[in-house]
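Engineer: Below you will find the structure I want to go over with you.
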Amino acid sequence: MAYWPFWGMRLRSAVDQEIRALIQKHGRITFAQFMQACLYSPHGGFYSSRGTRISTHFGTSPTSHPVFGALIARQLEQMWHLLGDPPVFHVIEVGSGDGALAQSIVQACGRMAPRLAQVLYYVAADYEPRWLPSPDHPFAWDHGTGDGMSPSRRDALLGVQRVKTEGLRAFRKVVGCILCNELIDNFPVHRFAIQGGRVKEVFVTSAGGTLTEVLDEPSSPRIEERLTSLGVSLPEGYRGEVNLAMEDWTGQLAQALDRGFILTIDYGQLATDLYSHQNNQGTLVCYHRHVVSSDPYQHIGHQDMTCQVDFTSLMRLGDRHGLATVGYALQRQFLTNLGFSSCLDALQTQGLSAARTALSRMAMMTLVDPNEYGDFKVLAQAKGHGLGIALLGFARQGA
């Protein structure tokens, strides 16, 4: 066994205490259990705490500029047509967070696709839905303050149903699109290391009051099975992560979707790149008040923890459950195919001041900048006959 001590801040938050109680009871816990508690514990996990304002810690594509949602709305309109213009078109956004994406999509449909807007049934689902007030939108969400309009009234006006959920088990026979933006990167992961030519799992324990890592035999054979199935060659000392939660998640997707599409937008790579020398210490990253670190053992319950998505495994799991891959591209390619350039050009016709035009242009460019969100990946999967036609967001791939 090998140990690595972490001498970060000794926070004794409720989540910290919960983790230490689990360790005291079991001697050690998997990193996946540790990450689950840090992010989703009902006692104050990062995403389950109503006091957490996500924008305080990091930005996202939807909060950068509403054109992100507007361009996705164009893709959704085509999906609706490919499904035969059903009288109800569901969009289930899982991990809706502050509601920025829901707001921009629904309002864009009202402007650009009024027929779709009439049949759109938008569900914004999250562990703890939060709605950001915004002076730029008359129906911006908050907690019933400001203009006196209740959140439920705003939701009704926008055609949005918001729900608290931990997955997709509450949904059945969805006809439309299940949308996941920056969701899977927050699934708890099992961490591993190659020691003596074998796969060992990273467990979290405590020594002298300090959270410590220890290597031992994997808690599940699926960890090594996943790595073996990917055919990756990992050298001695290599450290990485395996996302086993994707397996149950993909099953939930397949059960919830009757006919339609899954659109997954996240940062990650195909397996051959993800498990490469470049990532030989894994891809775990933490965010606390816009400060990036690789130390998950500080700010427990008060920082985001994220890992890059293994899109190869996500596609393979989808195939296993009848979800065909119908598109895979960089976010900058996806948005460009949907008309990003024309939206950028349209800024000059909106009557904004030179300063506001420049600011808006800068915000829009983050969506396609490789150093910002441009290198995020977009994966489209489909369930149902006759849905293999090229989607607009991927139409120019290979051209």
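The values are calculated or read from the model by the stated rules, or taken from the named source; none is laboratory data. None of the values given here were measured: they were computed from a predicted structure. Note: ideal-geometry Cβ built from the backbone for every residue, glycine included; neighbour counts use all protein chains shown. Each accessible area value is taken on the protein alone, full model and side chains, heavy atoms only, with ligands, DNA and RNA left out. Shrake-Rupley method; radii C 1.70, N 1.55, O 1.52, S 1.80 Å.
Engineer: Can you pull out every residue in segment 194-233 that is open to solvent by 70 Å² or more (accessible area, probe 1.4 Å) and modelled with pLDDT under 95?
Structural biologist: Once the filter is applied, which keeps residues that are open to solvent by 70 Å² or more (accessible area, probe 1.4 Å) and modelled with pLDDT under 95, segment 194-233 yields Gly208, Ser233.
Engineer: Now, a different point. Give Leu71, Leu120 a once-over and let me know the one that is modelled with pLDDT of 95 or more, open to solvent by less than 20 Å² (accessible area, probe 1.4 Å) and touching a helix residue (DSSP H, G or I) at 6+ places or on another chain (Cβ under 8 Å). Break it down stepwise before answering.
Structural biologist: On the way: Leu120 fails: open to solvent by less than 20 Å² (accessible area, probe 1.4 Å).
Every option except Leu71 fails the conditions.
Engineer: Another question, if that's okay. Would you mention how many residues in segment 250-277 are over 17 Å from Val123 (Cβ atoms), outside any strand (DSSP E or B) and either touching a Leu at 6+ places or on another chain (Cβ under 9 Å) or open to solvent by less than 20 Å² (accessible area, probe 1.4 Å) (or both)?
Structural biologist: 7
Engineer: So, one more: Taking Thr283 and the conditions (1) buried (at least 21 other Cβ atoms within 10 Å of the Cβ); (2) modelled with pLDDT under 95; (3) of a type in the set (S, T, N, Q), which numbered condition does it fall short on, given that it satisfies the others?
Structural biologist: Failing condition for Thr283: (2).
Engineer: For segment 323-338, name all the residues that are under 20 Å from Leu257 (Cα atoms), open to solvent by 40 Å² or more (accessible area, probe 1.4 Å) and more than 19 Å from the chain's Cα centre (by Cα). Walk me through it before giving the result.
Structural biologist: Narrowing segment 323-338 to residues under 20 Å from Leu257 (Cα atoms): 323-328.
From the residues that got through so far, the ones that are open to solvent by 40 Å² or more (accessible area, probe 1.4 Å) too are 324-325, 328.
Hit for segment 323-338 is Ala324, nothing else.
Engineer: Which residues, counting only those in segment 345-383, are in contact with a helix residue (DSSP H, G or I) (Cβ under 9 Å, 6 or more places away or on another chain) and in a loop (DSSP other than H, G, I, E, B)?
Structural biologist: Scanning segment 345-383 gives Gln350, Leu352, Thr366, Leu367, Val368, Asp369, Pro370, Glu372, Tyr373, Gly374, Asp375, Phe376.
Engineer: I'm trying to understand the selection: among the residues of segment 74-111, which are of a type in the set (Val, Ile, Thr), in contact with a helix residue (DSSP H, G or I) (Cβ under 8 Å, 6 or more places away or on another chain) and crowded, with 20+ Cβ neighbours inside 10 Å? Before you say what the answer is, go through the steps one by one.
Structural biologist: Here is the first cut: in segment 74-111, the ones of a type in the set (Val, Ile, Thr) are 88, 91-92, 94, 105-106.
Now drop any that are not in contact with a helix residue (DSSP H, G or I) (Cβ under 8 Å, 6 or more places away or on another chain), which leaves 88, 91-92, 105-106.
If the condition is that a residue be of a type in the set (Val, Ile, Thr), in contact with a helix residue (DSSP H, G or I) (Cβ under 8 Å, 6 or more places away or on another chain) and crowded, with 20+ Cβ neighbours inside 10 Å, then Val91, Ile92, Ile105, Val106 are the ones that fit.
Every residue, every condition in (1) open to solvent by less than 70 Å² (accessible area, probe 1.4 Å); (2) at pLDDT below 95; (3) under 24 Å from Leu71 (Cα atoms), yes or no:
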{"position": "Thr306", "(1), (2), (3)": "yes, no, no"}
{"position": "Met315", "(1), (2), (3)": "yes, no, yes"}
{"position": "His321", "(1), (2), (3)": "no, no, no"}
{"position": "Ser342", "(1), (2), (3)": "yes, yes, yes"}
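Engineer: Further question: Of the numbered conditions (1) on the phi > 0 side of the Ramachandran plot; (2) assigned to a strand (DSSP E or B), His299 satisfies every one except a single condition; which is it?
Structural biologist: (2)
Engineer: Exactly one condition in (1) within 19 Å of His288 (Cβ to Cβ); (2) of a type in the set (Gly, Ala, Ser); (3) touching a Pro at 6+ places or on another chain (Cβ under 8 Å); (4) outside any loop (DSSP other than H, G, I, E, B) is not met by Ser48; state its number.
Structural biologist: It fails just one condition, (4).
Engineer: Of the residues Thr336, Thr366, Thr349, Thr325, which single one is in contact with an Asp or Glu (Cβ under 9 Å, 6 or more places away or on another chain), over 30 Å from Arg191 (Cα atoms) and of a type in the set (Val, Ile, Thr)? Show your work before the answer.
Structural biologist: On the way: Thr336 fails: in contact with an Asp or Glu (Cβ under 9 Å, 6 or more places away or on another chain); Thr349 fails: in contact with an Asp or Glu (Cβ under 9 Å, 6 or more places away or on another chain); Thr325 fails: over 30 Å from Arg191 (Cα atoms).
Going through Thr336, Thr366, Thr349, Thr325 in turn, the sole match is Thr366.
Engineer: While we're on this one: Pairs, please: C-beta under 6 Å, at least 6 apart or cross-chain, first residue closer than 17 Å to Glu213 by Cα and open to solvent by less than 40 Å² (accessible area, probe 1.4 Å) and in segment 11-24, second β-branched (Val, Ile, Thr) and at pLDDT below 95?
Structural biologist: Asp16/Ile300
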